[in-house]
């Protein structure tokens, strides 16, 4: 898709360049109760600019409508969730209430002091400990008579 779009864009540029170069005639343009004598190539450039502006406007309209549809879907989902939560709250309000019981809380562990060593040092220490654990496990297996 990208290649086809690039080929079409390149063809449009080549055709526009050919039209601009090959049309040196002068034409009279009448607009807004005024008249101008303009080279045909500048009229083509103005037409290309207006086309680019129109395509930019269409792109903005497309993005705006996509955004509108996305927001509309989100609003619909939020409204349904709001209805669901309202029903749930209404059901909770009509349910018989019992006396609240105290829930035991677990103690929160104290925050660890940050280790001033760098990442590489901590990684090496971890590898060293793992290698030591492997050696101890291997020695224990050897003592038990197992080679694996």
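The values are calculated or read from the model by the stated rules, or taken from the named source; none is laboratory data. Note that the coordinates shown come from a computational prediction; the quantities given were computed from them, not determined experimentally. Reconstructed Cβ throughout: ideal geometry from the backbone, glycine too, with neighbour counts over all protein chains shown.
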Scan segment 1-17 and give yes if some residue there is in contact with a helix residue (DSSP H, G or I) (Cβ under 9 Å, 6 or more places away or on another chain) and assigned to a strand (DSSP E or B), otherwise no.
-> no
Evaluate the following for residue 20: is it surrounded by 10 or more Cβ atoms within 10 Å (Cβ to Cβ) and assigned to a helix (DSSP H, G or I)?
-> yes
Cβ-Cβ below 8 Å, separation at least six or inter-chain, first residue in segment 44-64 and touching a residue at least 24 places away in the same chain (Cβ under 8 Å), second in a helix (DSSP H, G or I) and surrounded by 10 or more Cβ atoms within 10 Å (Cβ to Cβ): which pairs?
-> 44/16; 44/19; 44/20; 45/20; 48/16
All conditions in (1) modelled with pLDDT under 85; (2) outside any helix (DSSP H, G or I); (3) in contact with a strand residue (DSSP E or B) (Cβ under 9 Å, 6 or more places away or on another chain) are true of residue 35 except (1)
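Residues are listed down the side, and each one gets a yes or a no for (1) touching a helix residue (DSSP H, G or I) at 6+ places or on another chain (Cβ under 8 Å); (2) in a helix (DSSP H, G or I); (3) modelled with pLDDT under 85:
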{"residue": "46", "(1), (2), (3)": "no, yes, yes"}
{"residue": "50", "(1), (2), (3)": "no, yes, no"}
{"residue": "57", "(1), (2), (3)": "no, yes, no"}
{"residue": "86", "(1), (2), (3)": "no, yes, no"}
{"residue": "97", "(1), (2), (3)": "no, no, yes"}
{"residue": "110", "(1), (2), (3)": "no, no, yes"}
{"residue": "117", "(1), (2), (3)": "yes, no, yes"}
Any idea which of (1) touching a helix residue (DSSP H, G or I) at 6+ places or on another chain (Cβ under 6 Å); (2) part of a helix (DSSP H, G or I) is the one residue 27 doesn't satisfy?
-> (2)
